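Computed from the coordinates by the stated procedures, all read-outs in this text should not be read as laboratory data. Predicted model only: the values in this text are computed from it and were never measured. Every residue, glycine among them, receives a Cβ derived from its backbone with ideal geometry; neighbour counts consider all protein chains shown.
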């Protein structure tokens, strides 16, 4: 990472079907070995499954799932004297979204199921409903930050 100035943030092109930058970021994170068309096909297939099962617009379900998974607090280790404390801090806006996307995709890949599109659709619907492994991850992170609130004065 450069010491003097930060590199400019990359502009992500919105996806073609929903014209959403969020869907494009999600598909880019899902992508393996540069296969972007495969990643978008998985996302769009899962959106079709969501629309079929829940009878709601898939983009609304997707945005609600991301909103529910997004963390507000996290803990960072800080060394004070000889001890290392877990200091609760607020999560930056860019990091919130990347953590939410990462947690959703991790819990999707660990989920038992047939295809990745089906697993992604069921994980997104669970997260939109406020349940599932990604919601548990967010709750665990918040619980850890709450438990270490006594060390908040070590924040820098």
*For 21, 52, what's the fewest-to-most ordering of other Cβ within 10 Å of each Cβ?*
52, 21
*How big is region 1-120 by Rg and Dmax over its Cα atoms, in Å?*
17.5, 57
*Can you give the percent of C-alpha pairs in region 1-44 whose distance is more than 14 Å?*
53 percent
_Distance in nm between pseudo-label sites at residue 51 and residue 38 (7 Å out along the Cβ direction from Cα)_ = 2.5 nm
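To the nearest µm²/s, what D does Stokes-Einstein give for region 20-60 at 4 °C and 1.567 mPa s, using the Kirkwood radius over alpha carbon pairs as Rh?
122 µm²/s
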*Counting only C-alpha contacts under 8 Å and six or more residues apart, can you give the relative contact order of region 48-156 as a whole percent?*
37 percent
*Taking the alpha-carbon centroid of each part, what is the distance from region 1-58 to region 70-148 in angstrom?*
19 Å
*If we count other beta carbons within 10 Å of each Cβ, what is the order of 120, 30, 73, fewest first?*
73, 30, 120
_For residue 63, project a label point 7 Å along Cα to C-beta. Then give me every residue of region 26-45 with its amide nitrogen under 18 Å of that point._
26-27, 44
*Could you give P(r) for region 97-148, binned at 10 Å from zero, as whole percent values over all Cα-Cα pairs?*
27, 51, 18, 4
*Using the number of other C-beta atoms within 10 angstrom as an exposure proxy, rank 108, 84 with the fewest first.*
84, 108
*Expressed as an acute angle from 0 to 90° and rounded to the nearest 10, what is the orientation of the C-alpha long axis of helix 21-30 relative to the principal long axis of the chain?*
80 degrees
*Relative contact order, percent, region 1-98 [alpha-carbon distance under 8 Å, six or more residues apart]*: 13 percent
